[in-house]
Amino acid sequence: MDRPLFWGPVVNPYWGSRMSRNTVSPAAVKARSERIENQSRHDGWKKPPRRIERSECITCDSCLRSCPPEFGAIFDNGLDVVIVPELCSGCPACVVVCPVDCIYVDEDWSPTGPDLWSYVELTAGRPA
Ligand code: SF4
Ligand code: SF4
């Protein structure tokens, strides 16, 4: 049987059936903005954040595009792609799309510095 020419939209399984990049709830956007404002991670997140191993990353941005917008935790930072641990729920949608498998659990994460926060703050109030 021939394959159909159109397979339909790619659905990120971690967004849930009612969530997409265009339909992030206002509450989710607000919650992300508060995490940015407070520069703190959600206490209820049980999984540790992830980190990108810089020496292995090929900067393809696949992870950045896959991080659910209600988290919006991945950024281009100069030549590097980085995860802001305070925004990362550990879900782990980015891990499954990384072609070189260089995104690791980061149990001992360090707080994000002021330079990156300045950049991240520009994305507050809207889905990343
Ligand atoms: S683990 Fe989830 S929330 Fe964290 S950076 Fe990856 S996709 Fe985003
Ligand atoms: S998907 Fe993997 S290789 Fe691509 S930018 Fe993200 S961490 Fe780097």
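The loop-placed trypsin sites (Lys or Arg not before Pro) in the range 49-128, going by DSSP, that have at most 15 neighbouring Cβ atoms within 10 Å of their Cβ come out as ARG54.
Panel order for ILE36, ILE83, by other beta carbons found within 10 Å of each beta carbon, from fewest to most: ILE36, ILE83. Size descriptors for the range 17-121, from the alpha-carbon set: Rg then Dmax equal 13.1, 37 Å. Put simply, the amide H of ASN77, placed in the peptide plane, has neighbours under 5 Å in VAL82, leaving out anything fewer than 5 places away on its chain. Annotation: amide H of GLN39 has no partner in the under-5 Å range at sequence separation 5 or more or interchain, hydrogens built in the peptide plane.
Converting phi to 3J(HN,Hα) with the Karplus coefficients 6.51, -1.76 and 1.60 and the offset θ = phi - 60°, the range 83-95 yields 9, 8, x, 5, 9, 8, 7, x, 4, x, 4, 5, 4 Hz in sequence order, with x at every glycine or proline.
Which chymotrypsin sites (Phe, Trp or Tyr not before Pro) in the range 24-128 pass both tests, a DSSP loop state and at most 16 other beta-carbon atoms within 10 Å? Taking the range 24-128 and a limit of 16 other Cβ atoms within 10 Å, the loop chymotrypsin sites (Phe, Trp or Tyr not before Pro) found are TRP45.
FYI, it's all coordinate maths here, none of it is from the lab. Since the model is a prediction, treat every value here as computed from it, not as a measurement. Cβ sites come from the backbone with ideal geometry, for glycine too, and all protein chains shown count toward neighbours.
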